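First up is the structure itself, then whatever we jot down about it.
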Amino acid sequence: MHSNKGTSLIDEIEETLIAIILGAMTLITFANVVVRQMDGNILWALESTVFLFGWLVLLGASYAVKKGAHLGVDAVINLFPAKGRRALALISITICIVFSFLMLKGAWDYWANFANLPGTNGRWFPLGFEDSFRGKGWYETNDIPHPAFLGWMEGFFNEGVAYEKLPRLVPYMVLPLSMALLLFRYIQVGVSVWRGDIDRIVASHEVEDEIAEVRERLGEHG
Amino acid sequence: MEVSILFIMVVGLMLIGVPIAVSLGMSSVLFLLWFSDSSMASVAQTLFSAFEGHSTLLAIPFFILASTFMSTGGVALRIIRFSIACVGHMRGGLAIAGVFSCMIFAALSGSSPATVVAIGSIVIGAMVKAGYTKEFAAGVICNAGTLGILIPPSIVMVVYAAAVDVSVGRMFLAGVIPGLMAGFMLMIAIYVMARIKNMPKGEWAGWREVGASFHEAGWGLSLIAVIMLGIYGVPGLYPAIFTPTEAAAVASVYAFLIANFVYRDMGPLAVEGEGENKSLLKKPHTLVTAFFHRDTRDALFEAGKLTVTLMFIISMALILKHVLTDEQVPQNVAKAILAAGFGPIMFLVAVNVILLIGGQFMEPSGLLMIVAPLVFPIAMELGIDPIHLGIIMVVNMEIGMITPPVGLNLFVTSGVAGMPMMSVVRAALPFLAVLFVFLIIVTYVPIISTFLPDLMMGPEIITN
Amino acid sequence: AAASCEEGEIVIKFAHVTAAVNHPKGIAASLLESRVNEEMNGVACMEVYPNSTLYDDNKVLEAMLQGDVQLAAPSLSKFEKFTKQYRIFDLPFMFKSVAAVDEFQFSDAGQAMKDSMQNRGLQGLQFWHNGMKQLSANKPLILPTDAEGLKFRVQSSDVLVAQMDAIGASPQKMAFAEVYGALQQGVVDGQENTWTNIFGKKFFEVQDGITETNHGILDYMVVASVDWLDSLDADVRDQLLTILEEVTITRNAEATMLNEEAKASVIAAGSEVRELTVEQRAIWVEAMKPVWEQFSGDVGQENIDAAQAINAGL
Ligand code: NA
Ligand code: NA
C-alpha cells in the first residue's frame, strides 16, 4: 500500500542524512572505547551521541510519516468496507495533524527562550507571543566544547560573552524543526487520504520492506 | 478513574488506525491539558529527554545496525548451514536446525522480527522442499524467532533496564539460561511431533561438514564472543572494556568489517551473482572506500529507519510515563495494590495477565516502557527480584508476538512464508503451548533467571 | 492540580534525584514535605518526586524556569552553568570540613551567592549538606601516584575533570546507571563520592577499599524560580521559607552523622577504609592544588581567600 522506494531528490537527502547521523553516532562511540583503552578520553562523546540520537529519531519521524512507516494496528480497520476505512483514515489523520500542531507549539515554547525568542501565550492554542520573558541563550550543554565556527553565536545569543560549551539552543533546535516537518508531512498525508490515494496511515509491522524484498526474491527464483 | 479514561483513549485511537506513537502522545497531551497544570513545553522537554536522559537506550540503534550488517552480509546463511550440519540428520532435523539457527541468530540480533526474517526467509522454503508442510515450517520459525528478545542482546531488555534503572549487563546475563531452555523445549517438542508424525530426516554429512560449516560461520559467531567478553571481561583475568551500550556500537563496527572484508557479500568487494568476491589484498583502498559505499549507506539507512519507528514509539511512551508520574499515578496504583493485600504469586499472575492482554495491542517496547514503571515499585515492595521481573516481562512479550490480533512475528512470518495470517496463527498454536508452559516455569522458578547474573555479578541490590 | 492536593491549595512540586530514605537530601525533602503539608494545610500542598522520577538534575532547572516544578535541590556543580562562582565548591581541598563549608555558606560571600542567579531567574534558598567526598579505585590509593593512569568516573564539571588530570588520572564520562557495572567489570577503575553515596550505591563492593581523602564537598542548594516566589503572598512565602530554614538547620546538623553511619556500614560490610597521614594528605593537596589557579578567575580570589580564612580559623 505504501512502500514506495526512495526515488526523489528529497528522499535521497533525507535517507542519506539518517545514514550519516547513525554512522556518526556509531563511530563516536566506537572511538571513545578505543581512546579509553589508550588511557585517553573523549569527554563529549556520550553527550553528543545522545543529541545525535535525538536528531536521528525526531527528524526521521517525519520521513517515516511520508513513507507510511509508523507502526499501528490495522486488524480492526481491515474489517471495514472501503467507505468505512476512508472515514477512519480521515479521523486518524485529523488526530495526527492536531497532535503534531500541539507538539509544535510545545516545542516552540520550549526552545524559543533558549534562543532568546518569545514563546507563545495560551495553554494549548498559541494566542500570540509573550511580551516579556527571560532569555536562556546563555544556557550551555554539559560536555560539548563550543566549536569555533559557531563563534558568531556569542554576539547573537550571549551578549558577546564567550561560550565554553555549546549552548543548549543548538541541540534543542531539532524540536521545533522536526515538529514543523511532522505537521507538514501529516497534512500531505491528509491530502492523500482525502483524495483516496491511500486508505490507512500505519504500517502493521516494522519489517514490511524487508518482507517485500524477500517476496520479490522468492518470486524470482520460484 | 481519570487513568482508565487515558488507557481507553490510547487503545481506542490505536484501533481506529492512529499510529501507536501518536495514540500514546495524543492521549498524554490531552490528559495533561485536562488534569495537570504542566505546560506544553514540558511535553517537548520530555520528548527530548527520551534521548538525553536515557543514554542506555543508545544500545537499540547500535544493535539494530549490527544485525543489519549481519543479515545483508550473508551471516544467516552460514549459520543455517552450520545448524543443519549439527542436527539436520535427526527426525524432524531441518525443523530442529531452524530452531537452532534462530537461537544462534538471536545471540547476534536484539529483535525477534529480525530473527524471523533472517532465518525464516531461507529455512521455511528449504523445509517445504524437504517435505514438511508449510504450516509446520511457519509455526516453528514464528515461535523460535521470539527467542530474539530473550537470548541476549535484546532490545526489549534494554528498554526494561532503561525504564526501571537496572543494569543492562545484568539483564543480558539473566536471559542466557531461559533462552537456551526455551530453545531446547521447542526442539524437544518438535522431535516428539516428528517421531509421531514420521517427519523427514536429513543425511548425516559427517564431522568434516560440521567443522567446515563452523569455520565458515566462525566470523559471524565470534561476534557473540566480542559482545560477551567486551561487556563482562574474563572474570579474574582480564577486565571488561566497554559498557553494554558501547558493546552494541563495537558490534556494529565489527559486523561492518566482517560483512565488507571477510564475507564480502556487501560493499566494494562484493560481486553480484555467482562470481567469486574480490580479495581485499588486491584492492586495499577499499578499506577507506567501504565507509562511503552505497551498501554501507543503505545498511545505515535501513537500521536508522527501523530505529526511528521504534524509538518514536518509545519516546511517546516516555511522555505518557511522565504525565502519569506528574499525576502520581504509579504511587497511587502501588498503594492500592498493596492495600488490596496482593501476595507475590497473585501479583505475578496479575502482571502476566496485564502484559498478555496489553501485548495483543501494543508493540512490545512501548508497552514495557509504560507497564514496567507501574508495576516495578510494587514488585520491590513484595520482594521480587527486579531482574527476575524483567525476564518474566520479556517472556510475556514473546508470547504477545505470536498471538493475534497484534503479533509482530505473526505478521512477519505470514509475509515471509506467503500465507494468510490466520493459518500462521493456527500453525503457531502447538508451540505457543510450549511457550506458555515455559512462562509458568520462569515465573515461579526465579533462579533460572537470577543464577547467572548472581554468579557473575553478585546479588542484585535495590538501592531506591 | 496534583492528585492528592485539595482544590485551591498552592501546589509545590519538589523533584530530586536521590532515594527518599537513607540519603541526606531524600530525608530532608521528606521532612519538608510532611511539615509543609501539616502546617500549611489548606494553603499549600507539597509533593516530592524522588529518584529522578519526574526530572533528572540536568532537566529540573529548565523545568523550574519554565514553571513546571517549584522546588529542587541539585548538587552545586549544576549551578556552574548559571554562574561560574559555584566552581569554588568543586575545587579540591578548598574546604577543610563540612563545618568550614557551612561557615563559608553563612558568610556574606556565601549568602551573596544565593542571590547571584536572580538575573537568570533562580533564587537560592538554602544550602543542604551531603558531605565530604572520598576516593576509591580497584587498587589501594595512598599517594596521588597510585591514581596515575587509572580511569575515574566523574560528573560533568570542568573542575572535576581538571582535578583528575592534575593527578595523572583519566577522567571518564558515564551514565550514572552504568557506573556500578562499569566499576565491577573494570571498564573504569575508580570514582569519587560521599560516604552515603558510596554505601547507598554499593560502590564499595566493587572497589579495593575507600581512601578517606575528604578532598571535596558534595552539597546541594534548594532553589525556586524568582517568578514563582514573587507570585506568592508575602505571608505564605514567609511561612514556607521559615519551615524550609528550620528543616535545613535540623537536617544539616545530621548530615555528617548520616555520612559517619554510612562509613561505619561500609567498614562493617568488610571493605577497607584507608586513612591518610598528615604527610600523605599534604602530597595529595600539593598535587591537586594547581587546579585552583586555573579557575581562580571564575571563582574570584576574594572568595578563595574567605574560604581559606575560615579553614585557618577552625
Ligand atoms: Na537477541
Ligand atoms: Na499479540
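The values are calculated or read from the model by the stated rules, or taken from the named source; none is laboratory data. Everything quoted here is computed from the prediction, not taken from an experiment. Neighbour counts run over all protein chains shown; Cβ positions are idealised from the backbone, glycine included. For accessibility, only protein heavy atoms count, side chains too; no ligands or nucleic acids. Shrake-Rupley method; radii C 1.70, N 1.55, O 1.52, S 1.80 Å.
Remarks
- Partner lysines whose Cα lies under 22 Å from the Cα of B:K134, excluding those fewer than 8 positions away in the same chain, are identified as B:K197, B:K201.
- Between C:G124, C:G200, C:G67, the residue with the greatest mean-square fluctuation in the GNM of chain C (Cα pairs under 10 Å linked by springs) is C:G67.
- Accessible area buried at the C-B interface, both sides summed, 1.4 Å probe (Å², nearest 100): 2700
- Pair C:T242, B:V192: separation of 7 Å Cα→Cβ label points (nm): 7.6
- With the simple model of a label 7 Å out from the Cα in the direction of the Cβ, A:R195 to C:A234 spans 6.7 nm.
- Residue-normalised accessible area of the range B:39-457, given per residue in Å² at a 1.4 Å probe: 33
- Pairs from C:K173/C:K201; C:K96/C:K263; C:K25/C:K139 whose Cα-Cα separation, in the structure shown, is over 27 Å: C:K25/C:K139
- Taking 7 Å steps out from each Cα toward its Cβ at B:R294 and B:A350 produces label points 5.8 nm apart.
- Across the range B:185-205, the residues whose backbone nitrogen lies under 16 Å from the label position 7 Å along the beta-carbon direction of B:E135 are B:193-194, B:197-199.
- Computed over protein heavy atoms with a 1.4 Å probe, the carbon and sulfur contribution to the accessible area of the protein assembly as shown reaches 63%.
- The slack between A:F133 and A:V34, meaning 0.36 nm per residue of separation minus the straight C-alpha distance, is 31.1 nm.
- Ellipticity at 222 nm from helices only: DSSP H runs of n ≥ 4 in chain C, each -39500 (n - 2.57), divided by the residue count, give -14000 deg cm²/dmol.
- Figure legend: label point modelled 7 angstrom from the Cα of B:M456 along Cα→Cβ; residues of the range C:182-199 with amide N under 12 Å from it are C:185.
- Projected over all directions and averaged, the alpha-carbon convex hull of the range B:262-318 occupies 5.2 nm².
- Förster radius 51 Å - calculated FRET efficiency between B:I441 and B:N277 (Cβ-Cβ, nearest 0.05): 0.65
- Mean silhouette area of the protein assembly as shown, derived from the convex hull of its C-alpha atoms and averaged over all directions, reads 40.9 nm².
- Average accessible area per residue (Å²) across the range A:9-221 - probe 1.4 Å, nucleic acids and ligands excluded: 43
- For the range A:9-221, average projected area of the Cα convex hull in nm²: 17.7
- Neighbouring Cβ atoms from other chains, within 10 Å of the Cβ of residues in B:55-61, number 5 on average.
- Around B:Y132: net Lys/Arg minus Asp/Glu count, Cβ-Cβ under 13 Å: +4
- Compared with the alpha-carbon gap, the fully stretched path from A:I10 to A:T94 is longer by 27.7 nm at 0.36 nm per residue.
- Accessible surface, the range C:149-223, averaged per residue in Å² (probe 1.4 Å): 21
- Shape category assigned to the range C:228-310 from the gyration tensor of Cα positions, a/c cut at 1.5: oblate
- For chain A, the longest principal axis of the C-alpha atoms and the axis of helix A:82-112 are separated by about 0°.
- Positive-end residue, the range A:9-221 charge dipole about Cα centroid, Cβ charges, pick of A:G60, A:V189, A:G135: A:V189
- Chain B contacts chain A over a buried accessible area of about 6500 Å², both sides summed; the probe is 1.4 Å and only protein chains count.
- 5 angstrom amide H check on A:F129, placed H, neighbours 5+ away: A:N121
- Whole-number Å³ per residue for the convex hull built on Cα positions in chain B: 158
- Checked against a 26 Å cut-off, the cross-linked pairs A:K105/C:K84; A:K105/C:K59; B:K305/C:K81; C:K13/C:K78; A:K136/C:K84 give Cα-Cα distances beyond that limit for A:K105/C:K84; B:K305/C:K81.
- Computed over the Cα atoms of chain C, pair by distinct pair, the Kirkwood hydrodynamic radius stands at 20.2 angstrom.
- Remark: the range B:33-47, residue by residue, has Karplus-estimated 3J(HN,Hα) of 5, 7, 10, 10, 9, 5, 7, 5, 4, 5, 5, 5, 4, 5, 4 Hz, where x stands for each Gly or Pro and the curve is 6.51 cos²θ - 1.76 cosθ + 1.60 at θ = phi - 60°.
- Other residues within the sphere of radius under 9 Å centred on the Cβ of B:M266, judged by their own Cβ, net out at -2 (K and R +1, D and E -1).
- If R0 is taken as 56 Å, the Cβ-Cβ distance between A:A24 and C:E39 corresponds to a FRET efficiency of 0.55.
- Cα lying deepest toward the dipole's positive end in the range B:39-457, options B:P284, B:I96, B:L408, charges on Cβ: B:I96
- The charge dipole of the range A:9-221, taken about its Cα centre with unit charges on the Cβ of Lys, Arg, Asp and Glu (plus for the first two, minus for the last two), comes to roughly 820 debye.
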